[in-house]
1. Which count do you get for residues in the range B:323-334 that are open to solvent by less than 20 Å² (accessible area, probe 1.4 Å) and among the aliphatic types (A, V, I, L, M)?
2. Yes or no: the range B:497-510 includes at least one residue that is of a type outside the set (S, T, N, Q), touching a helix residue (DSSP H, G or I) at 6+ places or on another chain (Cβ under 7 Å) and within 11 Å of chain A (Cβ to nearest Cβ).
3. Give the range B:1-58 a look and list any residue that's away from chain A (no Cβ under 14 Å), within 34 Å of the chain's Cα centre (by Cα) and touching a residue at least 24 places away in the same chain (Cβ under 8 Å), or say none.
4. For residue A:127, state whether it is assigned to a helix (DSSP H, G or I), under 22 Å from residue A:306 (Cα atoms) and in contact with a Leu (Cβ under 7 Å, 6 or more places away or on another chain).
5. Looking only at the range B:303-317, count every residue that is closer than 24 Å to residue B:116 by Cα and either touching a Phe, Trp or Tyr at 6+ places or on another chain (Cβ under 9 Å) or surrounded by fewer than 16 Cβ atoms within 10 Å (Cβ to Cβ) (or both) and tell me the total.
6. Return the residues of the range B:416-448 that are crowded, with 19+ Cβ neighbours inside 10 Å and more than 30 Å from residue B:108 (Cβ to Cβ); say none if nothing qualifies.
7. With open to solvent by 50 Å² or more (accessible area, probe 1.4 Å) and either within 11 Å of another protein chain (Cβ to nearest Cβ) or modelled with pLDDT of 85 or more (or both) as the only criterion, which of B:177, B:151 stands out?
8. Taking the conditions exactly as written (away from every other protein chain (no Cβ under 14 Å), in contact (Cβ under 8 Å) with a residue 40 or more places away in the chain, assigned to a helix (DSSP H, G or I) and not hydroxyl-bearing (Ser, Thr, Tyr)), does residue B:437 satisfy them or not?
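The values are calculated or read from the model by the stated rules, or taken from the named source; none is laboratory data. Predicted model only: the values in this text are computed from it and were never measured. Don't worry about glycine lacking a Cβ; one is built from the backbone with ideal geometry, like all the others, and counts go over all protein chains shown. With ligands, DNA and RNA removed, areas are computed over all heavy atoms of the protein, side chains included. Shrake-Rupley method; radii C 1.70, N 1.55, O 1.52, S 1.80 Å.
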Amino acid sequence: MSENNQNPNAVDAADEERDLIAKETVGLSQGQLIRKRFLNHKPAVFSLFFLIFVTLFVYSASGIHLNWGATPITVQGWWPYTITDIPETVFCDTSVGCPTWQHPFGQDPLGRDYFALVMRGAEQSIVVMLIIGFFGGFIGTVVGAISGYFRGWVDAVLMRFTDFIITIPAIIIGAVIGFRVGNLGVVPLAIYLGLFSWTGLSRLVRGEFLSLREREFVDAARVAGASNRRIIFKHILPNAMGVIIVSVTLMLSGAILLETGLSYIGFGVQAPDVSLGSLISDYQDSFTVSPWLFYWPGVLIILIALSVNFIGDGLRDAFDPRQRRQISRKELLKATFKKPADPTQN
Amino acid sequence: MFSYIARRIGTALLILFGSSFIVYNLEALSGDPIAELRTSAARNRDFLIAYYTRQLELDVPPPLRYFHWLQGIAGIFTGHPNFGKARDGLSVYGEIAAAIPVTVRLVLGATILAILLGITVGVITAIRQYSRLDYSMTFISFLMFSLPIFWVAVLLKQYMAIEFNNFLASGQIGIEWLLISSAVVGVIVAGLVSGDRRRVITVFSGSFIAAALMLLIVNWTNWILNPGMGVLGVGVVVGGIGVGISTIVVGFENKRVLWATLTVVAATIAAYFPVNYWWSSSDMNALNLLWPVLALVAVAVAAAFAFTRVDRGPAIRVTVITSVFAGLFLIIDRLFQTWSIYLNTDGINMRPIPTFGEANVRLSSDNFWILFEDGLLHVVLPTIALTLISFAGYVRYSRASLLEVMNMDYIRTARAKGLSERTVIVRHALRNAMIPLTTLMAFDFAGILGGAIITESVFGWHGMGTLFRNAISSQDLNLLMGVFAITSFLAVMANLVADLMYSALDPRIRVR
């Protein structure tokens with residue numbers, strides 16, 4: 001923008017941009033506008049499809065494992081090996097356990113199929129990410145909404161409680177929890193982590209509610225006799241949805257790094273179960289001998305976190321009404337050249 | 001104001017009391033610290049159980065034990081805090097006191113570097129919004145957001161340490177690396193300029209050739225094995241930095257500030273030989289590094305006063321920043337001179353970049369510069385790793401913040417009254433855009449002492465993070481609570497400092 005303002009046509013150009021945007025947005029509902037803006041954000045759309053693809057791929061390959069309760073439920077995926085199978089080691093000319101057609105990611109020193117291990121790790125990471133996102137998002141939204149809407153002593157109590165949770169650094173909570181319940185499987189770990197990761201979101205939501213509750217549409221609803229619950233959930237919450245969704249996506253990408261980091265230092269998922277973090281920790285020393293054991297888990301972490309971040313960026317752009325789509329130079333030129341014809345028509 | 005601070009500190013103490021009570025009890029109830037001992041078949045089992053029961057006060061219920069612990073901590077008001085004893089009988093206070101300098105060394109540099117680099121890149125991408133540079137930096141910062149540090153650390157160890165050490169055997173940059181690095185320099189410089197394709201290509205080829213020539217000279221003079229800047233190099237670099245800063249802050253046309261800056265550069269050149277001679281003496285210590293820098297800062301303030309009559313604030317800022325850089329480059333030059341000696345010291349043997357630990361224990365020298373260089377080289381890899389991770393956040397926040405400010409009405413007013421774009425950005429936009437970032441910085445600085453648990457574990461440092469990790473895995477309650485007391489206290493204080501700074505910087509926000 002700063003460059004445009006230096007040339008004499010700046011005002012014209014800005015007007016043109018505004019006209020173009022006005023033309024694109026006329027007659028659309030808020031939801032349609034957001035969807036349209038999101039679909040215009042190409043990296044975000046691509047990341048969304050990619051993430052869906054990765055999730056389906058990982059789950060179909062490794063199957064579904066639920067260690068919840070006394071009887072574990074297991075559904076076998078299409079990949080022939082599991083993390084406990086020890087198939088015969090395939091020797092190749094350079095080294096032992098290198099990637100082959102039979103074992104595309106190679107085999108670890110025990111002979112386990114590495115593709116199965118990585119898929120299992122990715123499965124864990126995705127579960128953790130979703131559970132932390134759900135619990136953190138839910139608690140953060142409710143706490144923030146209540147304290148921002150009711151203000152007064154409710155706000156004071158809830159915010160001091162939030163401060164109280166913030167005081168305990170995330171990694172301390174994670175380590176205490178992970179070390180104690182990590183062996184119960186990944187679901188309880190994720191739930192506990194989720195119970196402690198809502199603080200940032202609740203502050204944001206509170207701020208949003210503090211400003212939204214003063215707006216006319218809330219007064220109108222109250223005059224019409226709406227209950228507090230109805231005002232919070234039907235009137236204010238939809239307007240705060242942008243902040244919540246964006247912040248939850250960031251929470252998701254943070255969650256996957258938190259889980260893998262904890263597993264890396266031995267406080268997260270415990271052996272014999274595997275996580276992408278524990279795989280990296282186990283095979284970082286074999287980096288020079290068999291680098292594939294080191295690369296794949298890291299690449300998967302980065303791909304998942306990166307696509308979640310891009311989706312979050314796309315959502316932020318879509319929800320932010322101040323955000324203007326970039327008008328490409330070609331469109332602007334087209335509009336500018338058409339302009340001389342306009343005055344005669346008016 | 002005073003009552004506000006007092007009230008906040010009161011609340012903070014209550015919060016700390018509550019959270020430490022909960023953490024203490026959670027941790028105490030979550031497991032039996034001598035579980036292994038109970039099932040062991042050792043002959044002195046009963047004795048050990050009795051010993052640990054007495055030392056760790058296991059016969060006292062955790063809530064009561066907590067108050068005993070708190071009593072010791074409360075000694076902080078009388079100047080005799082008692083953090084209790086760790087499992088192995090060592091004083092927790094002593095362990096923490098030993099760990100803090102290590103952690104600060106590990107994290108402080110990375111935090112400062114991440115803030116400086118992150119804000120710079122964020123500001124540049126905001127000014128050049130929607131340019132190629134903006135898009136690529138957005139992608140890179142998202143990528144860094146998504147990097148697991150333990151994974152990056154292993155790659156850094158391989159490619160920045162082991163491969164670099166191998167490369168030092170010859171010290172000559174190969175032709176392929178020469179071309180690649182020159183091309184990277186070219187792409188970055190070309191990304192900074194705006195304009196049509198022809199100008200971009202010209203700038204790219206110009207900087208490509210310049211970088212390639214520089215690297216050829218580096219090869220030719222064997223600079224990598226025997227580096228140095230000399231009085232001329234220091235003068236040129238500091239002069240360039242000074243002129244650059246003064247151009248950014250007050251503009252090149254302000255000749256008075258320019259002259260003041262050049263005075264600082266001249267003082268640096270004059271000080272070069274005496275300072276080097278003084279630094280080379282055998283009783284050199286870390287404090288002696290500081291005096292020349294302070295002297296240069298004094299010269300800088302004096303020069304600013306001598307050359308300018310009005311508007312002295314920016315002038316002093318420019319000259320002081322320049323003088324700090326000058327001091328820094330004097331030190332860097334001295335370290336360059338030590339490099340070749342360091343490479344051939346016993347215990348180094350031409351493999352200078354370490355992948356593990358805080359210092360080289362095989363180093364037999366007691367020369368200050370050798371030890372200093374050794375310490376710095378051990379920080380290199382962790383600093384790069386930590387900077388990579390936290391840099392992205394600053395880029396995103398400062399970019400978003402500056403973009404928001406640039407859309408404000410007062411920026412339009414400033415432009416409308418004919419101020420130059422430089423003044424509008426540096427004096428009107430940037431200052432306001434940096435206000436929200438103070439919160440982030442306050443928390444980052446408070447987080448320093450918490451240590452970087454994962455980084456410390458990857459690089460084998462024994463700081464706060466390692467203490468904390470050991471405390472959890474060996475259920476060492478006093479040690480864990482000692483670390484926790486410090487980190488949570490700093491987190492609460494950071495919260496308070498952030499709010500106070502916010503209201504000091506933004507007069508619209510009042511604290512009550």
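1. The qualifying residues number 2.
2. no
3. Those that are away from chain A (no Cβ under 14 Å), within 34 Å of the chain's Cα centre (by Cα) and touching a residue at least 24 places away in the same chain (Cβ under 8 Å): B:1, B:4, B:5.
4. Numbers: assigned to a helix (DSSP H, G or I): yes; under 22 Å from residue A:306 (Cα atoms): yes; in contact with a Leu (Cβ under 7 Å, 6 or more places away or on another chain): no.
Answer is no for this residue.
5. 3
6. B:424, B:428
7. Values: B:151 fails: open to solvent by 50 Å² or more (accessible area, probe 1.4 Å).
After ruling out the rest, the residue left standing is B:177.
8. Working: away from every other protein chain (no Cβ under 14 Å): yes; in contact (Cβ under 8 Å) with a residue 40 or more places away in the chain: yes; assigned to a helix (DSSP H, G or I): yes; not hydroxyl-bearing (Ser, Thr, Tyr): yes.
Considered against the rule, which asks whether it is away from every other protein chain (no Cβ under 14 Å), in contact (Cβ under 8 Å) with a residue 40 or more places away in the chain, assigned to a helix (DSSP H, G or I) and not hydroxyl-bearing (Ser, Thr, Tyr), residue B:437 comes out as yes.
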